[in-house]
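All remarks here apply to the structure that follows.
The values are calculated or read from the model by the stated rules, or taken from the named source; none is laboratory data. Since we're looking at a predicted model, the values are computed, not measured. Methodologically, a virtual Cβ is constructed for each residue, glycine included, from the backbone with ideal geometry; neighbour enumeration extends over all protein chains shown. Please note that ligands, DNA and RNA were not included when accessible areas were found on the heavy atoms of the full protein model with its side chains. Shrake-Rupley method; radii C 1.70, N 1.55, O 1.52, S 1.80 Å.
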Amino acid sequence: MQIESVPPHRHLPPLVKLALELGPLVLFFLGNAYSEKFGVAPDQKLFVATGVFIAATVVALAIHYVMVRRLPIMPLVSGVVVVVFGGLTLALQDKTFIMVKPTIVNALFGTVLLGGLLFGRSLLSVVLDSMFSLTEEGWRKLTFRWGVFFFVLAALNELVWRTQTEDFWVNFKVFGIMPITVLFALAQTPLLTRYERKTPQPEI
């Protein structure tokens, strides 16, 4: 009996992946920044931006699935929360729901990562669809750092939306969270290098 090999996962080209992840956020910002020019009242801008955000998120997930026939956990969970909380924002005309969405998503990921560690599981490679190859100790340390970082992002979002204007919060969501996340990821490079799992070299 012939056993068929399982095809390896396909991955998006880096620029395409970046465009699909950032595209909805950029459109969210543009919808909030320029909707007044199309006759939208100032107090309705965030609702328009939320509608654009939901549509763009669904389209981005659909494109991702069509291209690689699967959806990574993190964008999928985030997308579901966008649709649910964005839908509540529009249905109930309450901006609070879309504003707490980053808090919910980041707290959820932080809970999953740190909770997994309590049960001896390093779930970071699943949550972030990671392509790194690390030792068990490396995964534990990296998972702990990212778990704490997600809670920091959740706290930052709560601080900003509760104390600042809507426009400031939108700008922070688009132009604040992403650079902070990139800088944090880059700061983990020494850990990645130190705990990289070495591939045995074939004997000659």
Relative to the first principal axis of the alpha-carbon coordinates of the chain, what is the inclination of helix 96-118, with its axis defined by its Cα atoms, in degrees from 0 to 90 and to the nearest 10? 20
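If I compute solvent accessible area with a 1.4 Å probe over the protein chains, what percent of it on segment 36-141 is carbon and sulfur? Please list the in-between numbers first.
Values: 3810 of 5480 Å².
The C+S portion of the solvent-accessible surface of segment 36-141 is 70 percent.
Determine the order of Glu36, Glu136, Glu158 by accessible area, beginning with the largest, at a probe radius of 1.4 Å. Write out the running numbers ahead of the final one.
Details: Glu36 90, Glu136 130, Glu158 40 Å².
Putting Glu36, Glu136, Glu158 in descending order of accessible area: Glu136, Glu36, Glu158.
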Whole-Hz ³J(HN,Hα) from phi, Karplus 6.51 cos²θ - 1.76 cosθ + 1.60, for segment 37-53, glycine and proline x: 5, 9, x, 7, 5, x, 7, 10, 4, 5, 5, 4, 4, 5, x, 5, 4
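With a cap of 15 neighbouring Cβ atoms within 10 Å, and only residues DSSP puts in a loop, list the trypsin sites (Lys or Arg not before Pro) found in segment 98-165.
Working: sites: Arg121, Arg140, Lys141, Arg145, Arg162; in loops: Arg121.
Filter output for segment 98-165: Arg121.
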Would you grab the residues whose amide H sits under 5 Å from the one on Leu134? Only those 5+ places off in sequence or on another chain, please, with H modelled 1.01 Å from N. Arg197
Let me make sure I get this right: for the chain, a, b and c are the square roots of the gyration tensor eigenvalues over alpha carbons, sorted descending. Under 1.5 in a/c it's rounded, otherwise prolate if a/b > b/c, else oblate. Which is it? prolate
Student exercise, the chain dipole from Lys, Arg, Asp, Glu Cβ charges, in Debye to nearest 20: 240
Measure nothing fancy, just the Cα-based angle from helix 166-175's long axis to the longest principal axis of the chain, in degrees from 0 to 90, nearest 10. 20
In segment 83-169, which chymotrypsin sites (Phe, Trp or Tyr not before Pro) fall in coil by DSSP and have 16 or fewer other Cβ atoms within 10 Å? Phe119, Phe132
Phi-based couplings in Hz for segment 59-68 (Karplus 6.51, -1.76, 1.60; Gly and Pro marked x): 5, 4, 5, 5, 4, 4, 5, 4, 6, 10
Would you mind calculating the gained length between Arg121 and Val182 on full extension (0.36 nm times residue separation, minus the Cα-Cα distance), in nm to one decimal? 19.5 nm
Could you tell me how many degrees, from 0 to 90 and to the nearest 10, lie between the Cα long axis of helix 73-92 and the main elongation axis, the longest principal axis, of the Cα atoms of the chain? 20
